[in-house]
1. Filter the range 117-126 down to the residues that are surrounded by fewer than 15 Cβ atoms within 10 Å (Cβ to Cβ) and without any contact (Cβ under 8 Å) to a residue 40 or more places away in the chain and list them by number.
2. Output the number of residues of the range 159-177 satisfying the condition of being in contact with an Asp or Glu (Cβ under 8 Å, 6 or more places away or on another chain) and either under 19 Å from Gly122 (Cβ atoms) or surrounded by 14 or more Cβ atoms within 10 Å (Cβ to Cβ) (or both).
3. Give the residues of the range 213-222 that are touching a residue at least 60 places away in the same chain (Cβ under 8 Å) and under 20 Å from Asn12 (Cβ atoms), sorted by residue number.
4. Across the range 189-205, which residue is surrounded by the most Cβ atoms within 10 Å (Cβ to Cβ) among those that are farther than 24 Å from Glu149 by Cβ and in contact with a helix residue (DSSP H, G or I) (Cβ under 7 Å, 6 or more places away or on another chain)?
5. Residues in the range 93-116 that are part of a loop (DSSP other than H, G, I, E, B) and free of Cβ contacts under 8 Å to residues at least 24 places away in the same chain: how many?
6. Filtering the range 207-222 down to residues that are surrounded by 19 or more Cβ atoms within 10 Å (Cβ to Cβ) and among the small types (Gly, Ala, Ser), which residue is farthest from Arg152 (Cα to Cα)?
7. Report, by residue number, each residue of the range 188-212 that is within 26 Å of Glu14 (Cα to Cα), of a type outside the set (A, V, I, L, M, F, W, C) and not in a loop (DSSP other than H, G, I, E, B).
8. Right, Ser88: in contact with a Gly (Cβ under 6 Å, 6 or more places away or on another chain), assigned by TED's automatic domain parsing to the domain that holds Asn28 and crowded, with 16+ Cβ neighbours inside 10 Å or not?
Amino acid sequence: MALYLVPTPIGNLEDITLRAIRILKEVNLILAEDTRTSGKLLKHLAVATPMRSYHMHNEHKVLNSIVQLLQNGESIALISDAGTPAISDPGFLLVRACAAAKIEVICLPGATAFVPALVVSGLPNEKFVFEGFLPVKKGRQTRLKLLAEETRTIVFYESPHKLLKTLNHFEAYFGAERQMSISREVSKLYEETLRGTVTTMIAHFETHKPKGEFVLVVAGKK
C-alpha cells in the first residue's frame, strides 16, 4: 500500500528511469492528468496497468475514493502530462490526504523542467526561489512587487501566449537591465537557452514568435 509520484519525460522519451518503468508496471492503478497523453507514453513503455483520470478539475471529487483504494491495500502511481507530479501540476491535495491518513508516499527522482534551466542559466543557483506560474490576474501585481525585492535567483514557468506580457511586467517591476535567462523546450528537439537583460529578451520575442514551453530564470535584486 503506497502512493508513488512518478516523473515522466518532459520531452526526450529516454529521460525516464528504469525504476519508474518498473513501478508503473507493478502498481494496481495509474492516475494520469490526461489519459490520452499518458496512454501514448505507457504504450511506448509497454506498460499495461489500468489508468484513471486525475486532474485539477476532478481532484476534489475523486480524492476520498483514491484514499480508500490505498487504505484497501492498492498501490497507485500518480503521473502528470510531463515532469514531476505536484510541481505546477495536480498532486498536492492527494499527498496531503495520504499523509493525514498515514499512507506511505514515495516520490521518485526524475525529470522536471526548472532544474536544467536553472543550472544552464549562468545565474547564481546555490539559493533560489521557485515561483512556477504567476497569477493570471488577481494577485499578480502584488506578487511582482514582492519579488522585486527578492535577492535570490527566481524561477518561473510561462506559456508562449503570455510570455511577452510577463516580460513586460518584469521590465516594469524588476527593471530593464535585470539579468535573466530563458530556456525553451527543455530536453526537446528545439531546445534553446537565451541569456541577457529583460529588455533584450523582449526585443527578441517581439521579432521571434514564442513557441513551446518556457522556463524564465531571473537574477535576484543586487
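The values are calculated or read from the model by the stated rules, or taken from the named source; none is laboratory data. Fair warning: this is a prediction, and the values are worked out from it, not measured in the lab. Because the Cβ atoms are built from the backbone with ideal geometry, glycine has one as well, and the counts that use them run over all protein chains shown.
1. Correct list: Val119, Glu126.
2. Looking only at that region, the number is 3.
3. Answer for the range 213-222, where residues must be touching a residue at least 60 places away in the same chain (Cβ under 8 Å) and under 20 Å from Asn12 (Cβ atoms): Glu213, Val215.
4. Phe205
5. Residues meeting the conditions: 1.
6. The extreme case among them is Ala219.
7. Selection gives Glu192, Thr193.
8. Yes; evaluated as a whole, the condition is true for this residue.
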